[in-house]
Amino acid sequence: MDAPLPANGMDQGEPLMRAEGIGMAFHGHAALADVRFQIHAGELVAVLGPSGAGKTTLFRCLAGLARPDRGCVRVDGQDMTRATGGNRRRMARGIALVFQQFNLVGRLTALDNVLAGRLGHVPAWRGWLRRFSRADRLLALECLDRVGLLAKAGQRADSLSGGQQQRVAIARALAQRPRLILADEPVASLDPATAAGVLDLLRGIARTDGVGVVCSLHQVDLARAAADRIVGLADGRVVVDLPAASFDTAAAARLYSTP
Amino acid sequence: MTSGAEQALRRMEAADRGFTGRRLRLWLICATLLAFYAVSWRLAGIDLHKLAVGLPKLGRWLATAWPPDLHELPLFARRTAETVAMAAIGTTLAVLLALPMAILACRTITPWPALYHPARWFLNALRGIDSFVFALLFVAAVGLGPFAGVLGIALHTWGSAAKQFADYLESAHLGPFEAVRATGAGRLTAILYALMPDVAPVMLSTTLFWWEFNVRASTVLGVVGAGGIGQELKNSMDLLDFPRLVTIIAVILVVVTALDQFSGWLRRRLA
């Protein structure tokens with residue numbers, strides 16, 4: 001469960017994760033209704049949709065931060081929404097999250113932030129004392145190297161630029177050795193050039209590590225350039241689910257014109 | 001049929017009525033405040049005549065206080081050191097106890113939300129009772145001496161510091177906490193890893209503040225027999241020994257000022 005799957009490109013076998021009819025309501029208003037889609041190893045799925053379409057709620061459900069009212073999220077056939085205790089933790093550490101606001105601990109170094117990705121794998125006292133094994137420190141530095149920030153390892157996270165912080169957050173996700181990375185609007189706070197770089201990085205990770213990546217975006221051209229598949233969410237429902245190459249202006253119109 | 005203009009006029013009139021209501025409320029507030037101060041003046045027993053008679057007496061005493069009596073300076077130094085030590089041990093004990101309570105009393109991260117309100121009530125009770133009162137109780141329980149003072153300081157500061165710590169934790173940005181939780185880390189690990197680095201400097205600074213505050217507060221603990229320089233202060237006052245009294249007050253002033261400067265310097269370094 002720890003190690004990533006070998007690189008296998010666009011394996012269309014058993015999906016890594018399957019959303020099965022997720023429904024969720026807040027104060028009687030349905031934020032999600034019967035959402036179904038799948039994520040396979042090695043593919044980058046972009047979730048597009050107008051503001052308020054339910055993207056963030058969907059991510060919270062997929063990440064296990066919120067429990068849907070209806071339906072379930074299956075990882076390897078196991079229902080994650082009903083898992084408890086150690087089982088839930090094991091499933092959670094297989095899923096890494098990347099946030100719009102990066103969510104790094106500002107006063108810790110880049111390296112310490114990446115090491116946080118190991119917390120689900122090591123005994124609790126190591127986290128309390130911030131003492132990690134040599135192997136974990138090496139892994140964390142390798143992850144930083146992968147995102148091109150090895151030189152910044154000792155620098156405080158809040159001294160880095162936005163793009164650099166998001167790269168550190170991705171390194172943290174990598175250090176977790178996840179099977180799936182969920183990124184909620186990972187580039188919304190970045191300038192266009194930096195944003196493209198971050199998406200390239202995520203796509204490279206999906207390709208070479210065979211990790212499934214789900215990434216919500218709000219720019220159609222970014223999604224078309226980076227993603228293998230595009231899932232369109234409007235008013236809490238999946239209205240488009242197409243290979244990125246087939247996502248044309250008609251599909252975009254369908255997605256963004258839904259009342 | 002009402003026209004648009006008429007509806008607008010009616011809305012304005014309604015707002016006007018609201019305004020007079022507001023004006024009435026303003027008058028009521030003023031009257032209440034006035035009554036409050038009148039009653040307080042009576043209850044506080046303000047009597048300017050007594051002050052006029054008493055001030056010259058104070059002046060005569062002060063005149064007899066010169067020159068200060070320096071014979072017992074070594075004793076005063078020892079007693080002052082006792083006061084500083086009481087405050088240090090009491091504050092440290094309080095902060096160690098406050099850390100776990102702060103997590104319980106923090107709405108956003110408590111592992112047991114059901115205990116949130118009981119934890120807050122408990123801390124409020126500790127905070128509501130002054131260390132002076134606690135010291136009074138402990139002098140009866142463990143006898144005269146600085147130990148009773150330490151316990152008094154510890155209990156009161158526990159409540160106050162834990163409440164402040166909980167407020168810091170509640171206002172901390174929860175993003176990093178959630179991110180670290182999502183790596184599969186337990187709640188305590190996430191608190192220590194993601195929240196503590198952010199709140200630790202302000203917590204340390206608060207701790208220094210409480211130490212400083214407790215040194216000042218515990219100068220009077222001696223009055224109830226709970227050790228420290230306050231005991232000598234009360235003895236001198238009882239004997240109307242003003243040269244001795246002035247020396248003690250001067251020692252207290254010097255030490256408190258020095259500590260203020262030191263802890264201020266340290267806190268600036270931490271910020």
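The listed residues are A:ASP221, A:ASP200, and the only one of them that is of a type outside the set (Gly, Ala, Ser), without any contact (Cβ under 8 Å) to a residue 12 or more places away in the chain and not in a loop (DSSP other than H, G, I, E, B) turns out to be A:ASP221.
Looking across A:ASP136, A:ASP145, A:ASP112, one residue alone is among the acidic types (Asp, Glu), outside any loop (DSSP other than H, G, I, E, B), within 14 Å of another protein chain (Cβ to nearest Cβ) and out of contact with any helix residue (DSSP H, G or I) (no Cβ under 7 Å at 6 or more places or on another chain). It is A:ASP112.
Quick check on region B:79-118: of everything there that is among the small types (Gly, Ala, Ser) and surrounded by 19 or more Cβ atoms within 10 Å (Cβ to Cβ), which residue is farthest from B:GLU212 (Cα to Cα)? Applying the filter and picking the extreme gives B:ALA105. Scan region A:49-58 and tell me whether some residue there is touching a helix residue (DSSP H, G or I) at 6+ places or on another chain (Cβ under 7 Å), more than 21 Å from A:ILE205 (Cα to Cα) and exposed (fewer than 15 other Cβ atoms within 10 Å of the Cβ). Taking every residue of region A:49-58 in turn, none turns out to be touching a helix residue (DSSP H, G or I) at 6+ places or on another chain (Cβ under 7 Å), more than 21 Å from A:ILE205 (Cα to Cα) and exposed (fewer than 15 other Cβ atoms within 10 Å of the Cβ). Each residue in region A:115-133 was checked for being within 8 Å of chain B (Cβ to nearest Cβ), part of a helix (DSSP H, G or I) and surrounded by fewer than 24 Cβ atoms within 10 Å (Cβ to Cβ), and 2 of them qualify.
Looking at A:ALA66 and the list (1) of a type in the set (A, V, I, L, M, F, W, C); (2) under 18 Å from the mean Cα position of the chain (by Cα); (3) part of a strand (DSSP E or B), which single condition is not satisfied? Result: A:ALA66 passes all but (3). Looking for something in contact with a Leu (Cβ under 7 Å, 6 or more places away or on another chain) and either within 11 Å of chain B (Cβ to nearest Cβ) or closer than 24 Å to A:GLY236 by Cβ (or both) - is there at least one such residue anywhere in region A:78-94? Yes.
Read-outs: derived from the displayed coordinates by stated rules, not from any lab. Nothing here was measured: the structure is a model prediction, and the numbers come from that model. So basically every Cβ, Gly included, is an ideal-geometry build from the backbone, and we count neighbours across all protein chains shown.
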